[in-house]
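S.K.: Mind having a look at this structure? Questions to follow.
No value in this document is a laboratory result; all are computed from the given coordinates. Predicted model, so just to flag it, every value in this text is computed and none were measured. No Cβ is skipped: glycine too gets one built from the backbone with ideal geometry, and neighbour counts run over all protein chains shown.
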Amino acid sequence: MFDLINKYLTLGNALLVLIVLLLFIFFNLKNKFRIIIPYLISFIFSIYCYEELILKSDSKIISLGDYASGNYFQKQLPGIGYGPPEKGQYTSLKINNTDTIYNVNYTIIDKIRHTPNSLKNSQKQILFFGCSQTFGEGLEDDQTLPYYFGEETSRTFTIKNYGFHGYGAHNIHALIKTLKKDNFNNYDTTAVYNLYWYHIGRAINNISGSEPWYEVENDSLVLKGSFFERDNNKSLLNTNRYIVALNNRLVKRSNIYKKHFNKASSNELKDFSNYDIKRTLFLVKDIADIFKSYNVNFSLVLDKQLHASKQVVNFFKINNINTFCLECEISDFETNPIYRIPLDGHNSSNLNKLHAKNLKDKLLSLRLIN
């Protein structure tokens, strides 16, 4: 049912329905306002043509399966905003016109993505935090970075993949605060956070209004509430949520919107203000401090943009946070298409294999694992 809605509830189809409705009114209306209807039909039809015909050459990428059903994401999670569903296996299908980009399954156990080669009852555990790249969007359970790390380390670790779609430092900070110290007692634990430059923008305003809103005040990180509370949009939780859902599904998925209005607020690290960068740096510092209080070894994996920023690297150096760049170890990272899922952009299984090997070598050199 949800797949059909996701596939056919489009702006183009909605415009066609509206045209049919106006034609029905035209043939049944007998007063003077009848003359306006042909002009309305012409206007709407021109929009339809632009949406469906002029932009026909553009790719139509649609997500289907459980992932797009509306039941996959747990919404309104206190503090965190949203997160993984209940235990189960969930399908995720992405198509480009009629071609399949990927058709995979995500296994969720204990509210995190399952890593098949995780060793149960090991005294050593490694925790992975991050966004969809860490989660392994578009990949099977045995193609993720955590999985390949398990292979590289001969399956000696209990591995927990806390990565999730769309997460930024604010979600991860809130998530870590829910983990009790008991999770780390009697374990030799290492935590790794894969930090990407675009996580900075997510802490400003992300996909869910119920996510945590942090600010830096007097050089201290302060949890102010949620994005809803910041923007005074609490009504979105009630009467307006259906309007917002229709807007997201009809307007924001349309070709016209994507081509003319969907301009990302930032395309590079340099487009963010120093203050917004500072917010994320403080979030990561606090994450490191929480793990330190739990006697957990913490390391930060930076992407190439962050690794090239003196502001970022110096901040973490001053605060004694281990950082390294796995992307920087790959000479053809920018040019070789095998490192991305085609027409999607997420890390491929090939890239995860290389990252896992380089990550193991880095952690060994820092003596954070043995």
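S.K.: Simple spin-label model, 7 Å along Cα-to-Cβ: THR100 to THR178 in nm?
M.R.: Spacing of the two 7 Å Cα→Cβ label points: 3.3 nm.
S.K.: May I pose another question? With the crude spin-label approximation of a point 7 Å out along Cα→Cβ, what separation in nm comes out for LEU18 versus GLN74?
M.R.: 3.9
S.K.: Then there's this: So for segment 2-54, what are the equivalent ellipsoid semi-axes in whole Å, largest first, each being the square root of 5 times an eigenvalue of the Cα gyration tensor?
M.R.: Working from the Cα gyration tensor, I get semi-axes of 26, 14, 5 Å.
S.K.: Taking a 29 Å limit on the Cα-Cα distance, which of the listed pairs LYS278/LYS357; LYS177/LYS317; LYS94/LYS270 fall beyond it?
M.R.: Long pairs (Cα-Cα over 29 Å): LYS278/LYS357; LYS94/LYS270.
S.K.: Moving to a separate point now. Going by the alpha-carbon gyration tensor, a ≥ b ≥ c the square roots of its eigenvalues, is segment 270-370 rounded (a/c under 1.5) or, if a/c is not under 1.5, prolate (a/b greater than b/c) versus oblate?
M.R.: In terms of gyration-tensor shape, oblate.
S.K.: With springs only between Cα atoms under 10 Å apart, run a GNM on the chain and tell me which of LYS317, LYS75, LYS32 wobbles the most.
M.R.: LYS32
S.K.: At ARG340 and LEU29, where each label point lies 7 Å from the Cα along Cα→Cβ, what is the point-to-point distance in nanometres?
M.R.: Roughly 4.8 nm, to one decimal.
S.K.: Given the Cα-Cα distance of VAL222 and ALA308 and 0.36 nm per residue of separation, how much length would full extension add, in nm?
M.R.: Computed gain between VAL222 and ALA308 is 28.2 nm.
S.K.: Longest exposed-loop-site-free stretch of the chain, with GluC sites (Glu not before Pro), DSSP loop and at most 13 other Cβ within 10 Å?
M.R.: Within the chain, the longest run free of exposed GluC sites (Glu not before Pro) spans 87-267.
S.K.: Let me ask something else. Determine the percent antiparallel among the DSSP beta bridges restricted to the chain, to the nearest 5.
M.R.: Roughly 60 percent of the beta bridges in the chain run antiparallel, per DSSP.
S.K.: Let me ask something else about it. Set the Förster radius R0 to 30 Å, insert the Cβ-Cβ distance between LEU364 and PHE333 as r into 1/(1 + (r/R0)^6), and round the FRET efficiency to 0.05.
M.R.: About 0.85, to the nearest 0.05.
S.K.: Which of the aspartates and glutamates could a cross-linker bridge to LYS304, judged by Cα under 14 Å and excluding same-chain residues fewer than eight apart?
M.R.: GLU268, GLU327, GLU329, ASP332, GLU334
S.K.: Mind listing the lone cysteines of the chain, meaning no other Cys beta-carbon sits under 4.7 Å from theirs?
M.R.: CYS49, CYS131
S.K.: So how compact is segment 68-140: Cα radius of gyration and Dmax in angstrom?
M.R.: In Å, with Rg to one decimal and Dmax whole: 14.2, 48.
S.K.: Just from its helices, what would the mean residue ellipticity at 222 nm be for the chain, if runs of 4 or more DSSP H residues each count -39500 (n - 2.57) and the sum is divided by every residue, rounded to the nearest 500 deg cm²/dmol?
M.R.: -10500 deg cm²/dmol
S.K.: Helix check for the chain. Which DSSP H runs span at least 15 Å along their own axis by Cα, with a mean Kyte-Doolittle hydropathy no less than -1.0?
M.R.: 11-28, 36-49, 274-293, 349-365
S.K.: A further question follows. When Cα Rg over 2.2 N^0.38 Å is calculated directly from the model, which label among (1) 1.17; (2) 1.02; (3) 1.13 fits?
M.R.: Derived directly from the coordinates: (3).
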